[in-house]
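First comes the structure, then the notes that go with it.
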Amino acid sequence: MVRFRRKTCITLTILMSLIFLIMMALKTLRPVESRFGNPFGLGLFPALQRAEPEFHKTNVEEHIERRSSKNNLTKSMTLDIQLRKVSLPNYNLHTFYYSWYGNPKFDGKYIHWNHPVLPHWDPKIATSFPRGKHNPPEDIGSNFYPLLGPYSSRDPAVIEAHMQQLQTAAIGVLSLSWYPPNMKDDAGEPTDELVPTVLDIAHKYQVKVTFHIEPYEGRNDLTMRSNIQYIIDKYGGHPAFYKYKTRTGSLLPLFYIYDSYLVSPETWGNLFKESGHNTVRNTKYDGIFIGLLVEEKHKHDILAAGFDGMYTYFATNGFSYGSSYRNWKPIKAFCESNNLIFIPSVGPGYVDTSIRPWNIQNSRNRINGKYYETALSAALQVRADIISITSFNEWHEGTQIEMAIPKTAGEITYLDYLPQKSSIYLDITRKWAEKFSTEREKWLV
């Protein structure tokens, strides 16, 4: 009896040891990079595997997947953006953003995607090119085709997708194209009502929002003061509202003023100079006001008008004095000597022949990202205070860094980012955002 018990104990000991060794062996088969790991190697047996925690899937991911399915994209392409490592936002990196797009589902019609083909100003040349409007969804007013298709800027899922892309690119500030309430561009509709939604969703992704004030009929110092008051009173208290930290430590809203040269320096001076009779200086509506530099003489006009700095906007190297990289060094020197902020604008390329078929001479090939990297390098070389990107989604001029896809529709074959991924320009932006942060730390030592 004692011998039987001894044999039983030995057998049980051996069996338990064997079970323990098997479990340890199975455990070692778990991939090293696995974040959680299944106990006892259950990952080898799908039927027995317990559900593991998943990343929360947002409405935008579902929206993109639905759009992806419709356009026969692969799931790996569409979710590539969500699976990428997120970098800290660089608030000295701004991008111009347009909320003027619409489609029948959200707006009752297509807006901007059906952009008209613009005629050349010379009637003799104009007769050589087609006229009319584009016909979405297959034929849109762009040389590229967006991953999200001809979307509506009113679609919260689209705004969410955009903020995810901005976060992935480490862009800290979105410069929102803005018209006063009830005003619009020639091809669009009023968009001021979208601002609260843009601010709310931007805040979720640590993106700040500033305003890119567009030209409109009757714009002058009086109307601009009214615009500034409206923006600051209505949106200035939102946590996503961008404020620039000055050298004295003050936090002030920053405004880009597009086509500022259309208004005389004397008129702007009424608003931006301390002595101006409509001045905002040293009031609750004071801010950092950035004028557009196109021609060389605009440097002096911007200074005389009382602006705080200048930006170049255009993404076409050589198109204008301001957009030419070779001029950025003297522009920066002029700004430093006059206590102005210099904000060069960089872009991935330029092509607008879908709406200006006669403008091929100003096209700039992307060269698989090399054109963009050259521009970013030039901006860093002059130690820019802020770098602005033209653009996140100006699809008409082909300056977008937003994700695009290959597409052929009938006789139309759109340009694309191949052989690179659809996120290539977000990836490049993130890389240079990190370089910019590193370099700025060295400059400030």
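Show me the trypsin sites (Lys or Arg not before Pro) within the stretch 103-142 that DSSP assigns to loop and that have at most 12 other Cβ atoms within 10 Å of their Cβ.
Passing sites in the stretch 103-142 are K109, R131.
In the stretch 136-279, how does Rg compare with the Kirkwood Rh, expressed as the Rg/Rh ratio over alpha carbon atoms?
For the stretch 136-279, the value is 1.00.
Using a 10 Å cut-off on Cβ atoms, rank the peptides 366-375, 397-406, 145-154, 256-265 from the highest mean neighbour count down.
Highest to lowest by the protection proxy: 397-406, 145-154, 256-265, 366-375.
Return the FRET efficiency for the residue pair Q420, E266: r is the Cβ-Cβ distance, R0 is 60 Å, and the value is rounded to the nearest 0.05.
So, using R0 = 60 Å, E works out to roughly 0.80.
Between E138 and S337, what's the calculated FRET efficiency when r is the beta-carbon distance and R0 is 45 Å? Round to 0.05.
The formula returns an efficiency of 0.25 here.
Please list, by residue number, every one of the GluC sites (Glu not before Pro) in the stretch 213-318 that is coil in DSSP and has at most 15 other beta-carbon atoms within 10 Å.
Loop-located and lightly packed - E217, E274, E295, E296.
List D107, D186, D427 from most exposed to least, where exposure is judged by having the fewest other Cβ atoms within 10 Å.
Exposure proxy ranking, most exposed first: D186, D107, D427.
Test of the criteria: in the stretch 94-135, which chymotrypsin sites (Phe, Trp or Tyr not before Pro) are in a DSSP loop and have at most 15 other Cβ atoms within 10 angstrom of their Cβ?
Answer by residue number: W121.
What is the distance in Å between the Cα centroid of the stretch 216-238 and that of the stretch 398-445?
33
For labels at K442 and K329 in the simple 7 Å Cα→Cβ model, what's the distance in nm?
Inter-label distance under the simple model: 1.7 nm.
Mean shadow of the stretch 68-443, computed from the convex hull of its alpha carbons, in nm²?
The orientation-averaged projected area of the Cα hull of the stretch 68-443 comes to 18.5 nm².
Based on the Kirkwood radius over alpha-carbon pairs, what value in µm²/s does the Stokes-Einstein equation return for the translational diffusion coefficient of the stretch 299-418 at 25 °C and 0.890 mPa s?
159
What FRET efficiency comes out for the pair T197/K105, r = Cβ-Cβ distance, R0 = 22 Å, nearest 0.05?
Between T197 and K105 the formula returns 0.85.
I'd like the distance between the alpha-carbon centres of the stretch 104-141 and the stretch 239-267, rounded to an integer number of Å.
Distance between centres, Cα-based: 34 Å.
When N counts the residues of the stretch 363-425, how does its alpha-carbon radius of gyration compare numerically with 2.2 N^0.38 Å, as a ratio?
Its radius of gyration relative to the 2.2 N^0.38 Å reference: 1.27.
What ranking do H94, H112 get, fewest neighbouring Cβ atoms within 10 angstrom at the top?
Taking fewest neighbouring Cβ atoms as first place, the list is H112, H94.
Suppose we keep just the DSSP beta bridges with both residues in the stretch 68-443; what percent of those would be antiparallel, to 5?
That works out to approximately 25 percent antiparallel.
P(r) for the stretch 254-368: what percent of alpha-carbon pairs falls in each 10 Å bin, starting at zero?
Histogram of Cα-Cα distances, whole percents per bin: 14, 40, 28, 14, 4, 0.
Bear in mind that the values in this text are calculations on the coordinates, not laboratory data. Only a predicted model underlies this, so the values are computations on that prediction, with no experimental measurement involved. We place every Cβ from the backbone using ideal geometry, glycine too, and count neighbours over all the protein chains shown.
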